[in-house]
Amino acid sequence: MMNNEKGYQGSCFCGTVQFTVSGEPAGMGYCHCGSCRRWSAGPVNAFTLWKPEAVQITQGAENIGTYNKTLKSYRKWCKNCGGHIFTEHPEMGLTDVYAAVIPDFPYHAALHVNYQEAVLQVKDGLPKMKDLPNEMGGSGVTVAE
Ligand SMILES: [Zn+2]
Ligand SMILES: [Zn+2]
């Protein structure tokens, strides 16, 4: 971690896996896609996207399990507690660290993505992308709340 960068502590549900994120995320928001929903077992995923080098495992690396249904997403969890930690997106060159596992990080969502798949409507005034922004390989189209 660079001395001039802010670092935030993260961990899995049981604490076996510890990690830090440092610097500024490349993006923050809520994803409503069916994959996030099924993987998280929740209606929506609060994501923070980081360059891979911004995420450093400090403890329990050997306890991290990986599953990749597609080459787009390598989903990581703790083999001890089953708690989800983050998902690597190699094609985007970014790692999604779930906002819920870095509780001290000042999470401020900028947008909602994959809102066409939403099962939970969120009337918070933030932009609702039909799929993904252009810079993330999507249509860039926004939809009504
Ligand atoms: Zn754990
Ligand atoms: Zn998603």
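The values are calculated or read from the model by the stated rules, or taken from the named source; none is laboratory data. Just so it is clear, the model here is predicted, and its values are computed rather than measured. Backbone-built Cβ (ideal geometry, glycine too); neighbour counts: all protein chains shown. Calculation scope for accessible area: heavy atoms of the full protein, side chains included, ligands and nucleic acids excluded. Shrake-Rupley method; radii C 1.70, N 1.55, O 1.52, S 1.80 Å.
The figures follow:
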{"quantity": "Anchor K6: lysines whose Cα lies under 30 Å away (excluding residues fewer than 8 positions away in-chain)", "calculated": "K51, K72, K76, K79, K128"}
{"quantity": "Environment charge at G138 (Cβ cut-off 9 Å; Lys +1, Arg +1, Asp -1, Glu -1)", "calculated": "-1"}
{"quantity": "Positive-pole candidate from V17, A144, A118, dipole of the chain, charges at beta carbon", "calculated": "A118"}
{"quantity": "Extension reserve of the A144-L71 stretch, reckoned as 0.36 nm per residue once the Cα distance is removed", "calculated": "23.2 nm"}
{"quantity": "Compactness of the range 68-145 - radius of gyration and Dmax, Cα, Å", "calculated": "14.3, 41"}
{"quantity": "Bins of 10 Å from zero: percent of alpha-carbon pairs in the chain", "calculated": "12, 42, 35, 11, 0"}
{"quantity": "Charge dipole magnitude, Cβ of K and R +1, D and E -1 - the chain, Cα centre, debye nearest 20", "calculated": "420"}
{"quantity": "Under 15 Å, Cβ to Cβ, from S40 - net charge with Lys/Arg +1 and Asp/Glu -1", "calculated": "+3"}
{"quantity": "Surface/4 estimate of mean projected area, convex hull on alpha-carbon atoms of the range 31-100, nm²", "calculated": "4.7"}
{"quantity": "Dimensions in Å of the range 68-107 - Rg and Dmax from alpha carbons", "calculated": "11.2, 31"}
{"quantity": "Heavy-atom accessible area per residue - the range 1-137, 1.4 Å, Å²", "calculated": "55"}
